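Trainee: First the structure, then my questions, so here it is.
The values are calculated or read from the model by the stated rules, or taken from the named source; none is laboratory data. Values in this document were obtained by computation on a predicted structure and should not be read as measured data. Here the Cβ positions follow ideal geometry from the backbone for every residue, glycine too, while neighbour counts run over all protein chains shown.
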Amino acid sequence: MKILAIESSCDETAAAVVEDGRKILSNIIATQVEEHKLYGGVVPEIASRRHCESIVGVTDEALAAAGLALHEIDAVAVTYAPGLIGALLVGVNFAKGLAFAAGKPLIPVHHIKGHIAANYIAHPELEPPYICLAASGGHSQIMRVESYTRYSTVGRTLDDAAGEAFDKAARAMGFPYPGGVYIDKASKRGDSTKYRLPRPHTAEPYDFSFSGLKTNVINLVHNAAQKGEEIDIDSLAASFQYTVADILTSKFVAAASDLGYKTAALAGGVAANSGLRSLLEERCAERGITLYIPPIGLCGDNAAMIGSQAFFEYTEAKAVADLSLNAAASMPLTLE
Ligand code: KG4
Ligand code: ZN
């Protein structure tokens, strides 16, 4: 089954063709990041306009790169939630029109489920059940992946998502948007033990809280500036990255062990972080847990992951939308 997938939830306009949930036939991404960088973050109105401008070309390119005409695909999939509402609406309305015109089923996909599915493309042997840590700009969640379309939440962030904390701490350190990748690069030159940063306590053992840690970094930078003291930015980046990676890893590995999982996966934009990848790999190996991580190119937003999840939504959950499908800015991953 060949699915044409569209993704426009934030600042990448993306289209891909994926076969049977596991094989990428094409994967096209038009990023707007340089424009949003000017404003220090995503400007929703600009994002919507750029999606409108790019979506036809990106989709044509995805079909051409797959060597397929529209009538040769079996279904159209689209990210319908969560994300920036105006940005999502561009993809949803475009996908609706395309599915209607081509007479193909329309499959709605939850963005974070898509991030998780990036692992199915990269690791053909991965099958549920397993435990997953999804960490992106808007989400940080540990969940049981019970089947390809059923999940239950084990822990979640009580405030900022990990990616959001990376981006806000990075801004205080003087890095451009989106700062996660700049912290990652600077960390390689720094000493991660130089700055002692707080590890916020949470009442539930597998929940996260990053807002206090982020504020601590912002205050540290501002206080130093007021006193005219030098900050070793590389070491602050390394200390911050290690602290976030350690919090995520400790809680995730504890949850996996306590709940008896021997298979685990990492997903979302923050899965690209080198410190998190290596710490998780090390600690999962110590406990005999097999860890799956997508390649860096499939960690950030893309439509291939949406095309992968769509296959399972269609075949396992029979999820097909009609033309009343709407976008939603927020949408829980699980029903409880
Ligand atoms: O999944 P994603 O591309 O978009 C959302 O769905 O939010 O995640 C974007 C987030 C941003 O906060 C970005 O800074 C972060 O992922 N990110 C990273 C790295 N690459 C991307 N954070 C830390 N280290 C990285 N290498
Ligand atoms: Zn994302």
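Trainee: Please enumerate the residues belonging to region 118-149 that are among the small types (Gly, Ala, Ser) and part of a strand (DSSP E or B).
Mentor: 134, 135, 140
Trainee: Out of all the residues in region 113-130, which are more than 11 Å from the chain's Cα centre (by Cα) and surrounded by 17 or more Cβ atoms within 10 Å (Cβ to Cβ)?
Mentor: Within region 113-130, 119, 120, 121, 122, 126, 128, 130 qualify.
Trainee: If you don't mind, another one. Applying the selection to region 30-46, what residues are in contact with a helix residue (DSSP H, G or I) (Cβ under 8 Å, 6 or more places away or on another chain), within 15 Å of ligand 1 (Cβ to nearest atom) and among the hydrophobic types (A, V, I, L, M, F, W, C)?
Mentor: 30, 42
Trainee: Looking at (1) within 15 Å of ligand 1 (Cβ to nearest atom); (2) of a type outside the set (S, T, N, Q); (3) touching a Leu at 6+ places or on another chain (Cβ under 7 Å), which is the only condition residue 131 fails?
Mentor: (1)
Trainee: In region 92-108, is there at least one residue being buried (at least 22 other Cβ atoms within 10 Å of the Cβ), within 16 Å of ligand 1 (Cβ to nearest atom) and within 24 Å of the chain's Cα centre (by Cα)?
Mentor: The answer is no, given that none of the residues of region 92-108 is buried (at least 22 other Cβ atoms within 10 Å of the Cβ), within 16 Å of ligand 1 (Cβ to nearest atom) and within 24 Å of the chain's Cα centre (by Cα).
Trainee: Is one or more of the residues making up region 53-63 within 20 Å of residue 21 (Cα to Cα), within 22 Å of the chain's Cα centre (by Cα), in contact (Cβ under 8 Å) with a residue 40 or more places away in the chain and in the same structural domain as residue 27 (by TED's automatic domain parsing)?
Mentor: Yes, because at least one residue in region 53-63 is within 20 Å of residue 21 (Cα to Cα), within 22 Å of the chain's Cα centre (by Cα), in contact (Cβ under 8 Å) with a residue 40 or more places away in the chain and in the same structural domain as residue 27 (by TED's automatic domain parsing).
Trainee: Oh, and also: Tell me, please, whether a residue that is within 16 Å of ligand 2 (Cβ to nearest atom), modelled with pLDDT of 95 or more and under 19 Å from residue 331 (Cβ atoms) can be found in region 164-187.
Mentor: Taking every residue of region 164-187 in turn, at least one turns out to be within 16 Å of ligand 2 (Cβ to nearest atom), modelled with pLDDT of 95 or more and under 19 Å from residue 331 (Cβ atoms).
Trainee: Here's a follow-up. From the set of residues in region 37-52 that are of a type in the set (A, V, I, L, M) and buried (at least 16 other Cβ atoms within 10 Å of the Cβ), which is nearest to the chain's Cα centre (by Cα)?
Mentor: In this case the residue turns out to be 42.
Trainee: Now, a different point. Test residue 130 against the stated conditions and say whether it is among the aromatic types (Phe, Trp, Tyr) and either within 16 Å of ligand 2 (Cβ to nearest atom) or under 20 Å from residue 259 (Cα atoms) (or both).
Mentor: So residue 130 fits the description; yes.
Trainee: Now for a separate question. Checking the conditions here, which among 225, 238, 254 is crowded, with 18+ Cβ neighbours inside 10 Å and among the hydrophobic types (A, V, I, L, M, F, W, C)?
Mentor: 238
Trainee: Here's a follow-up. Would you point out the residue of region 283-332, among those that are within 16 Å of ligand 1 (Cβ to nearest atom) and surrounded by fewer than 19 Cβ atoms within 10 Å (Cβ to Cβ), that is nearest to residue 66 (Cα to Cα)?
Mentor: Here the residue is 297.
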